[in-house]
Amino acid sequence: MKIKSDSYMFEMIRTELTDVVGEDYVDVKFADKFGHSIDYYWIPEMWHDRGRECPKPDFVVHPATTEEVARIMKIANQYKIPVVPWGGGSGSQGGALPIYNGIVLDMKRMNKIIKIDKEALTVTAQTGIITKHLEWGCNKEGLSTMHLPASIACSTIGGFLAHRGTGVLSTKYGKIEDMVMSLEVVTPTGEIIRTLPVPRHASGPDLTMMFLGSEGTLGVITEVTLKIHPQPEARKFRAYIFKDFHTAMQAGATLMRSRLGPCAMRLYDETETKTHVSKVFGIDLDKGAYLVFGFDGREKIVDLQMQYAREIMEKQFHGKDLGSKGGEWWWENKYKFFYPGYMFHVPQAFGTLDTVADFSHIENVYWAMKKVVNKEFPDARFIGHFSHWYDWGCMLYARFIFPGDKVPPNAEEAAALYNAVWDKAIRAAIREGGVINEHHGVGLKLGRYVKDLYGTAMPILEGLKAKLDPNGIMNPGKMGLPGCW
Amino acid sequence: MHIDKYEEAMMNCRFCFMCRHLSTIGQVRCTEVDTPRIRAAMLYGLKTGTNSFDDSDFVDALYRQELSACCTHHCVNHYDENGLAIAARADVVEAGKAPEAVKKLAAKFAKSVGWSASGKGDVAYFLDETTASDKQVVAAAKKLFAAAKVTPKTITGGTIGKVLKVLGYLPEAKAAAEKFAAFLKAEGVKTLVVSNPAAFDALTKDYPEFGVKLPCKVFCFSGFLNQAKVKFTKKAGGLYYLADDFMRNYDGCGCPEKLLKTLKADLRPFGTNDEESYCCGEGAIVLDKLNPALVKALAEYVAARADDPKKDKIVVLSAYTKKCLKKYGKLNVVTMEELAASCL
């Protein structure tokens, strides 16, 4: 923000913000601002690790109602102050970082479940609710959102909406955008709008979809109605080891083409099976690629689905059956992969080269990325798994990891190395028909590739932004859209 | 620095979000600064020079922590973020940067070290100040001792060290522990029963850490009743059980749960989950004195999760929790002693 914190204008703005939310909910202390300067993006983590200052907001504001959000947006527009919505702050793409300072709109006071409709099977909630709490609220009624991502414990539902998040049961229940009925949004200029109440209609283009994945650049999503589901009678898993990743991929794709409808599927390449899956499960999986899948619903139907799936795995592709226990290992430990000790951590340099493609392209995307990382960055290790499967293709959760002693101690050099990996690997993926990305979003990290990705369609995205946000204050500099200085 | 002993927790928690949903204070204040991640990141900043104890907001955040340990309990690696926070408080105190309110409280408690005993025999009941202030709990305990055919010696007095440790005054806490152990020895105590889970935690965890040996066996009140084979004639019936942080998240002894079975309690799940602390700052011992507004918010958070706040019967383990939940949450709360006495 161009207004200095020791100026009287800073106090004038603070007074206006305080008038909206109350004194307790406008933070200007160093400790509070520090808390909003680091998310889960490696660059700010590394910057902090090297003892360097990360950009901080001038004000952290905690609204409790949609009307308060609208009033804050009007103040921000009047003074042209950048506004960055913040949920759990656990994004890996730098999407919620206040790179131009200004106001961070911490949404976590907007954490109410407004209604669980047992007739329509929907839940309406404010978007600052931590998704685990939303899920627990539904569970108490015997229901579930079925949105169960690894970050369920730390991310708000608004965060998932903002970057099109995906849970582990995506293969059956879809990504977050498949679960949304409707949204309430505060536009950048402070108007409160609601999208149509149902997602299937023929009443023109779908505004709900326009706001989903907009990462706070087109407005603040303040309320959502989501589809919910009864808890299934049974959910069963089975796992196999295949001789190599290619055979496992063919088996997985065949299962998807069979339309048997698994609720989840994961395939780990040989390296990740050996180094990661083995460690998390505490068992020796020395050779081959681990594939796990499951079905849920009425038990008799699940058993029948499983029987047909086993025929594909065993008769067509000769997978080594690890049994239901081998599948349960994954389900029981699915979040363990993300705890320190199992997840990568600074001083290592690491990144998830999250890409999605159809079955005709996904293997080529994998090999292209692997080749470029192995060739250009011999100090880095490349591992990958395929974690969200759809009728037409799947998501590649590829990762590169530099050991800590191979990462330059100098922050600028470390950032340059890190960005170089992304430049080469992501561009290789795009060339092979991959789309960045499936569920982490674009944020700051991938903004520079959006023009490559959208091509001649980019002016449409830019035009939308300019029309909705004439002062360019909503999360500037993200998603490849303009900054504000 | 004391925090160096907890470097593993600091280095791993500083970029980890996996217990965000359990961050009790972060949840009621809706802040990032009150989460294990940011506390650890700020402490790491001491090493690189980006943060310092000169920042009173940072120090305040350290003293705002409820120390429920539910993050440690939940974490697959069980990193001791509470241990890190207490170590940081000790560093704050050594640096002379403790907030005035903390200094005053610590001075008051340090002065209180000293006890007296009434009665005879080698079985003693330690009645800490918080429990002693709740007449119903005291009466229930008396009734239960009678049912167990035990006439204990009653020990009353000041802190046995826990509060001083939690506030970051480690040498004073150790001194209090040594003094209490010597007092018990002088009194010939062979069996010590305590009501307050914080006192039980101090005696069974802190004292060994300080290298202080006790001359006696220590029982929590439930543990005492379990082994005393008291005959209960009435069923406890339907109720909600909220274990204090110390028994729930600090490697609990399992005695209250065993007693609830004996009492034929029909336990109902409180709230929406069994991961959250649902605490009022028991772990921080004196959070109600340091930050009553925060304790009020914690109690209201718990009360908002009750199925029927007016009718639900809730059993807790400490007089502290009972006091907070009744005062701010308007809940129908009894301690384990009261529940057990009502079943005689």
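So which residues in segment A:48-72 are of a type in the set (Asp, Glu) and either outside any helix (DSSP H, G or I) or within 17 Å of A:Gly472 (Cβ to Cβ) (or both)?
Selection gives A:Glu53, A:Asp58.
Looking at segment A:17-32 only, could you name the residues that are under 19 Å from A:Val83 (Cβ atoms) and either touching a His at 6+ places or on another chain (Cβ under 7 Å) or at the interface with another protein chain (Cβ under 9 Å from one of its Cβ atoms) (or both)?
Residues satisfying the conditions are A:Val21, A:Tyr25, A:Asp27, A:Asp32.
Considering only segment A:6-41, state which residues are of a type outside the set (A, V, I, L, M), farther than 21 Å from A:Gly483 by Cβ and either in contact (Cβ under 8 Å) with a residue 60 or more places away in the chain or part of a loop (DSSP other than H, G, I, E, B) (or both).
A:Asp6, A:Ser7, A:Gly22, A:Tyr25, A:Lys29, A:Gly35, A:Tyr40
Go over the candidates A:Tyr390, A:Tyr397, A:Tyr418 one by one and state the one that is in contact with a His (Cβ under 6 Å, 6 or more places away or on another chain), under 30 Å from A:Glu177 (Cβ atoms) and of a type in the set (Phe, Trp, Tyr).
A:Tyr397 is the lone residue from the list that is in contact with a His (Cβ under 6 Å, 6 or more places away or on another chain), under 30 Å from A:Glu177 (Cβ atoms) and of a type in the set (Phe, Trp, Tyr).
Report, by residue number, each residue of segment A:95-145 that is more than 14 Å from every other protein chain (Cβ to nearest Cβ), under 25 Å from A:Gly216 (Cβ atoms) and of a type in the set (A, V, I, L, M).
A:Ile99, A:Ile103, A:Ile114, listed by residue number.
Could you list, in sequence order, all residues of segment B:11-20 that are crowded, with 24+ Cβ neighbours inside 10 Å and assigned to a helix (DSSP H, G or I)?
Passing the criteria: B:Cys13, B:Arg20.
Under 8 Å by Cβ, and 6 or more places apart or on different chains, what pairs join a residue from segment B:59-84 that is without any contact (Cβ under 8 Å) to a residue 12 or more places away in the chain with one that is in a helix (DSSP H, G or I) and among the hydroxyl-bearing types (Ser, Thr, Tyr)?
B:His78/B:Thr72
Looking at (1) closer than 23 Å to B:Val295 by Cβ; (2) among the acidic types (Asp, Glu); (3) within 14 Å of another protein chain (Cβ to nearest Cβ), which one does B:Asp134 not meet, given that it meets all the others?
Going through the list (1) closer than 23 Å to B:Val295 by Cβ; (2) among the acidic types (Asp, Glu); (3) within 14 Å of another protein chain (Cβ to nearest Cβ), B:Asp134 breaks only (3).
Spot the failing condition for A:Gly323; the list is (1) on the phi > 0 side of the Ramachandran plot; (2) free of Cβ contacts under 8 Å to residues at least 24 places away in the same chain, and only one is missed.
Only one criterion in (1) on the phi > 0 side of the Ramachandran plot; (2) free of Cβ contacts under 8 Å to residues at least 24 places away in the same chain is unmet by A:Gly323, namely (2).
Pick out the one residue from B:Thr31, B:Thr50 that is part of a loop (DSSP other than H, G, I, E, B), crowded, with 22+ Cβ neighbours inside 10 Å, assigned by TED's automatic domain parsing to the domain that holds B:Glu94 and among the β-branched types (Val, Ile, Thr).
Sole residue among the options that is part of a loop (DSSP other than H, G, I, E, B), crowded, with 22+ Cβ neighbours inside 10 Å, assigned by TED's automatic domain parsing to the domain that holds B:Glu94 and among the β-branched types (Val, Ile, Thr): B:Thr31.
Residue pairs, Cβ under 6 Å, 6 or more apart or interchain, first in segment A:333-348 and within 7 Å of chain B (Cβ to nearest Cβ) and more than 10 Å from B:Asn12 (Cα to Cα), second at pLDDT 90 or above and not in a loop (DSSP other than H, G, I, E, B). List them.
A:Phe338/A:Ala150
Would you mind stating whether B:Leu339 is buried (at least 21 other Cβ atoms within 10 Å of the Cβ) and touching a residue at least 24 places away in the same chain (Cβ under 8 Å)?
yes
Being more than 30 Å from A:Ile228 (Cβ to Cβ) and not in a loop (DSSP other than H, G, I, E, B) narrows it down to one residue among A:Ile81, A:Ile114, A:Ile75; which is it?
Being more than 30 Å from A:Ile228 (Cβ to Cβ) and not in a loop (DSSP other than H, G, I, E, B) holds for just one of A:Ile81, A:Ile114, A:Ile75, which is A:Ile75.
Quick check on B:Leu62: is it within 11 Å of chain A (Cβ to nearest Cβ), within 23 Å of B:Leu170 (Cβ to Cβ) and surrounded by 18 or more Cβ atoms within 10 Å (Cβ to Cβ)?
yes
Given the criteria among the acidic types (Asp, Glu) and either more than 10 Å from chain B (Cβ to nearest Cβ) or in a loop (DSSP other than H, G, I, E, B) (or both), does A:Glu45 qualify?
no
Return the only residue of A:Glu141, A:Glu119 being farther than 26 Å from B:Arg268 by Cβ, in the same structural domain as A:Thr222 (by TED's automatic domain parsing) and surrounded by fewer than 20 Cβ atoms within 10 Å (Cβ to Cβ).
A:Glu119
Out of all the residues in segment B:243-274, which are part of a strand (DSSP E or B), surrounded by fewer than 21 Cβ atoms within 10 Å (Cβ to Cβ) and more than 14 Å from chain A (Cβ to nearest Cβ)?
The answer is B:Asp266, B:Leu267.
Would it be correct to say that A:Lys467 is in contact with a helix residue (DSSP H, G or I) (Cβ under 9 Å, 6 or more places away or on another chain) and either assigned to a loop (DSSP other than H, G, I, E, B) or not assigned by TED's automatic domain parsing to the domain that holds A:Thr171 (or both)?
So A:Lys467 does not fit the description; no.
Would you check if there is a residue in segment A:76-93 being surrounded by fewer than 23 Cβ atoms within 10 Å (Cβ to Cβ), within 10 Å of chain B (Cβ to nearest Cβ) and touching a helix residue (DSSP H, G or I) at 6+ places or on another chain (Cβ under 9 Å)?
yes
Could you identify the single residue in B:Thr191, B:Thr159 that is surrounded by 24 or more Cβ atoms within 10 Å (Cβ to Cβ) and either in contact (Cβ under 8 Å) with a residue 24 or more places away in the chain or farther than 19 Å from B:Leu290 by Cβ (or both)?
Criteria check complete, one pass: B:Thr159.
Any chance segment B:67-85 includes a residue that's within 10 Å of chain A (Cβ to nearest Cβ), buried (at least 24 other Cβ atoms within 10 Å of the Cβ), touching a strand residue (DSSP E or B) at 6+ places or on another chain (Cβ under 9 Å) and not in a helix (DSSP H, G or I)?
Within segment B:67-85 (the criterion being within 10 Å of chain A (Cβ to nearest Cβ), buried (at least 24 other Cβ atoms within 10 Å of the Cβ), touching a strand residue (DSSP E or B) at 6+ places or on another chain (Cβ under 9 Å) and not in a helix (DSSP H, G or I)), the answer is yes, since at least one residue qualifies.
Confirm whether B:Ser318 is crowded, with 21+ Cβ neighbours inside 10 Å and within 22 Å of B:Val137 (Cα to Cα).
Taking the combined requirement at face value, the residue satisfies it.
From the list A:Tyr308, A:Tyr339, which residue is over 19 Å from A:Cys263 (Cα atoms) and either buried (at least 21 other Cβ atoms within 10 Å of the Cβ) or not acidic (Asp, Glu) (or both)?
A:Tyr339
Hey, could you check segment B:34-46 for residues that are more than 8 Å from every other protein chain (Cβ to nearest Cβ) and farther than 23 Å from A:Val61 by Cβ and say which is surrounded by the most Cβ atoms within 10 Å (Cβ to Cβ)?
B:Pro36
Give just the number: which of (1) touching a residue at least 24 places away in the same chain (Cβ under 8 Å); (2) within 28 Å of A:Ser155 (Cα to Cα); (3) in a loop (DSSP other than H, G, I, E, B) does B:Glu8 not satisfy?
Failing condition for B:Glu8: (3).
Okay, residues lined up against (1) surrounded by 14 or more Cβ atoms within 10 Å (Cβ to Cβ); (2) in contact (Cβ under 8 Å) with a residue 40 or more places away in the chain; (3) within 30 Å of A:Pro85 (Cα to Cα):
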{"position": "A:His361", "(1), (2), (3)": "yes, yes, no"}
{"position": "A:Met369", "(1), (2), (3)": "yes, yes, no"}
{"position": "A:Val407", "(1), (2), (3)": "yes, yes, no"}
{"position": "A:Tyr418", "(1), (2), (3)": "yes, yes, yes"}
{"position": "A:Arg431", "(1), (2), (3)": "no, yes, no"}
{"position": "A:Lys445", "(1), (2), (3)": "yes, yes, yes"}
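The values are calculated or read from the model by the stated rules, or taken from the named source; none is laboratory data. Owing to the predicted nature of the structure, the values given are computational and were not obtained by experimental measurement. All Cβ positions, glycine included, derive from the backbone under ideal geometry; neighbour counts span all protein chains shown.
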